[in-house]
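Read the structure below first, then the notes.
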């Protein structure tokens, strides 16, 4: 039973209360309850995009020079390795004088006998360009011996790699 405030009149369920009376219960019966839902697919898409953004911007971009630990000398002029021919042989001389071949997939292979290695490469790819990356602390003689070996084998294009001057 409901009692009207300030009045002695009482109503029972289902009774008409008058023109100005509001019946909230009957208004609720006709409506369906709307539940809030959260779509997860767009949320997951946004999270993955943010994850990719942060990984790409914060991951250290190591160059092949940093992986091997070759510190090149600086020079004011020269072309970049990206502008070079696709068929190339990249040799690196470390500060200790060790010679490494840098392959296209980034793998580093030690070269024990540079002359025989260069002869083998020249027999397979005679038109290849040889790029020499000599560490700034490497003995000058080790780099020159490698340069002479490449010329002696018959490579026509031999380039010395340097860092651009800052």
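Every number here is computed from the coordinates shown, using simple stated rules; none is lab data. Values in this document were obtained by computation on a predicted structure and should not be read as measured data. Note that we place each Cβ from the backbone using ideal geometry, even for glycine, and neighbour counts take in every protein chain shown.
Of all residues in the range 115-164, those that are closer than 13 Å to residue 94 by Cβ and assigned to a helix (DSSP H, G or I) total 3. If you go through the range 116-143 and pick out every residue that is under 17 Å from residue 99 (Cα atoms), without any contact (Cβ under 8 Å) to a residue 24 or more places away in the chain and exposed (fewer than 13 other Cβ atoms within 10 Å of the Cβ), you end up with 4. Does residue 90 qualify as being free of Cβ contacts under 8 Å to residues at least 12 places away in the same chain and part of a strand (DSSP E or B)? It is false that residue 90 is free of Cβ contacts under 8 Å to residues at least 12 places away in the same chain and part of a strand (DSSP E or B).
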